[in-house]
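Peer 1: Please see the structure below; I have some questions.
Each reported figure results from applying straightforward, stated rules to the coordinates on display, with no laboratory input. If you're wondering where the values come from, they're calculated on a predicted model, not measured in any experiment. Heads up, the Cβs are rebuilt from the backbone with ideal geometry, glycines too, and the neighbour counts pull from every protein chain shown.
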Amino acid sequence: MIRPVIAAALFMLAACGESPAPQASDPYSGLAPEILAWRTDLEASHPACTAKVEGKGCESFEVTCKGAKGLTKSDRAGGMSAKVVAAMVFQGRGGPGGGKPGSAFAEFSKAGGQWTRAENGPVNLTTCAPA
């Protein structure tokens, strides 16, 4: 009777452990917080999000694709270790009958362990291939 209780307690303790740190060899580690920051910036500045309802201008944010881009020799020479293009769609909340839909495209570049974001031209929302 005690063994199942001990096993259950050990299982619960193991489940409470911290998640493993991102692998240093993973060129895309740290990208998720950058995409969240992009969403926050879109909420604050995208034209579809200007009319606010209860403090929010847009909702239903969805990253529809993320695609790795090849690095050039000059990218590598500049210390870049990864490049990703992403597309995000969302829905404005304001206006009569709801707001208008919006979309945004960004290129994320990683150099020296830090990500930077730049606007990117439109891409296919499913494949992230140039539109």
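Peer 1: Cross-link candidates for residue 52: which lysines have Cα within less than 16 Å, leaving aside residues fewer than 8 places away along the same chain?
Peer 2: List returned: 100.
Peer 1: Work out, in µm²/s and without decimals, the Stokes-Einstein translational diffusion coefficient of segment 28-119 at 37 °C, 0.692 mPa s, Rh from Kirkwood over C-alpha pairs.
Peer 2: On the way: Rh = 14.2 Å.
Taking Rh from Cα pairs, D becomes 232 µm²/s.
Peer 1: Shifting gears a bit: Among 43, 59, what is the fewest-to-most ranking by other Cβ atoms within 10 Å? Provide the component values of the computation, followed by the final result.
Peer 2: Working: 43 18, 59 14.
Ordered from fewest to most neighbouring Cβ atoms within 10 Å, 43, 59 come out as 59, 43.
Peer 1: According to a simple spin-label model (label point 7 Å from Cα along Cα-to-Cβ), what is the distance in nm between residue 107 and residue 71?
Peer 2: For residue 71 paired with residue 107, the spin-label model returns 1.5 nm.
Peer 1: Moving to a separate point now. Setting aside same-chain residues fewer than 8 positions from residue 66, which lysines have a Cα under 21 Å from its Cα?
Peer 2: 83, 110
Peer 1: To continue, here is another question. So which aspartates and glutamates can residue 69 reach, going by Cα to Cα under 12 Å and dropping same-chain residues fewer than 8 places off?
Peer 2: Within the straight-line cut-off, residue 69 pairs with 107.
Peer 1: For residue 124 and residue 59, FRET efficiency with R0 = 25 Å and r from the beta-carbon atoms, rounded to 0.05?
Peer 2: On the way: r = 24 Å, r/R0 = 0.94.
Between residue 59 and residue 124 the formula returns 0.60.
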